[in-house]
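Asks: Below: one structure in structure tokens.
The values are calculated or read from the model by the stated rules, or taken from the named source; none is laboratory data. All values reported here derive from a predicted model rather than from experimental measurement. Here Cβ is always computed from backbone atoms with ideal geometry, including for glycine, and neighbour counts include all displayed protein chains. Protein only, heavy atoms only, side chains kept; ligands, DNA and RNA dropped before computing areas. Shrake-Rupley method; radii C 1.70, N 1.55, O 1.52, S 1.80 Å.
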Amino acid sequence: MLRLSLSSLRRRRGAFAASFLAMFLGATILMAFASLLDTAEGTSGTAKSTLTTMALVVGGWGLVLVVFAVTSTLTLSVRQRGAELALLKSVGATPAQLGRMIVGETGGLAVVAALLAVPAALLAGRGLLGMLHASGQVPDEIGYAFGPVALTMGLGITFASATGAALITARRATRVRVTESLMAAAVEPGGLSRKRIVGAVLFLALALNLGVVTATMMRGAGTDAMATSGQADIFAAIGLALLAPLIIRLATGVLAGPLRRLGGVAGELAVTNLRRRTGQMASVLTPIILFTGTGVGTLYLQDIENASMSAAGLAKTAEQKDIETLNFVVIGMIVVFTAIMLVNTLVTATTHRRREFGQQRLAGATPGQVLGTVALESAVLAATGVVCGAVAALFTVLPFSIARSGTAVPDGGPGIFVAVAALAVVLTGVTALGTARRTVRTPAVAAVGV
């Protein structure tokens, strides 16, 4: 199995790229924020509280996103290898052997990714402390420390989350019979597992509960309302992301007619691909939802808070400045992480379609029609992700606005939403089209033979 895993890693470098980058970024985030706990050792008072709070709150959310991203990208990489796994089953490989192969590959990648992330985490951690120095929240005499807490959390959690995700993915992949595996490699099933549905319901219910608590029990509580409302958009975004396959099917059903009428051949191909490649498209939709939902929700959260303080003619206290910094660090981390994952997932998914694009061109489609298909698919995914992200953001924005200003509609206007949505659309379109343009440069016959 070790020899088979090494051979698979060499031949399927592209299929592992998204998972490796997710692990690398995750380890970087975890170690950077965990190093603040190392830095807090020996300190006391406000400085210790600030360092510990930022490490636990932001690092905790980083952990949730890392586990979710690793699981999503690993599922994509295994799905892309469906035909290979089916072939191995047909020549006698047992489910246990395939499971050990997938877990072994993932564990090896996780260790390498975490070790390579150490220098990046050092730089990021120093940057975080420098930001706290510059804002006056931590005294300049407190020096940076990168010690056992950062290394243990970074290496341990990255490895544990990656192998856990691999076990789940391997169990799902190896339980399917050979004939079903071959069929799934050609046409991806778009159904939702029971665990996925239960997870989505739990996350959405938790987000709704936090929203209700904010709008009722936290009304008039001032800045303290952030403690409940600030988490709701992240939980809601994760819940909707778990429902991504179902959402894509619904969106395709609604938009199929307009796509065919306006897009012609490209529109027909786009509808077909969205229906046949639901799982792959869901992997792309997930970071769009997370990016939009958390970005819009957190930015409006702080905007509402600033407007409330200004209307009351109050100056921010040191604690409120700490919370504002924490909010912007959270949004910065989430936006950067999900943006990179969006680009990485799109590049991996689109590059994997080289053979598909070659077959379409041999069947008569022009390179322009292939690119038009990708453009329409990206438009559907971007629009769907932005809408779902906006819905997720409402779980934070509406309750917090009620709690702080007594009205559900904030005074900030649509500017924040438009900016975040535009960035999501640009990232999706430019990445997908740029990758597809490079992919179709390969001659059709050579692409089919890959």
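Asks: Using a 1.4 Å probe, what is the accessible area per residue for region 180-312, in Å²? Write down the numbers at each step before the final one.
Replies: Values: 5450 Å² over 133 residues.
Counting only protein heavy atoms, the per-residue value for region 180-312 is 41 Å².
Asks: Between region 409-450 and region 333-356, how far is it from one alpha carbon centroid to the other, in angstrom?
Replies: With region 409-450 and region 333-356 each reduced to a Cα centre, they are spaced 9 Å.
Asks: Counting other Cβ atoms within 10 Å, keep those with at most 15, restrict to DSSP loop, and tell me which trypsin sites (Lys or Arg not before Pro) in region 378-450 are left.
Replies: Answer by residue number: Arg441.
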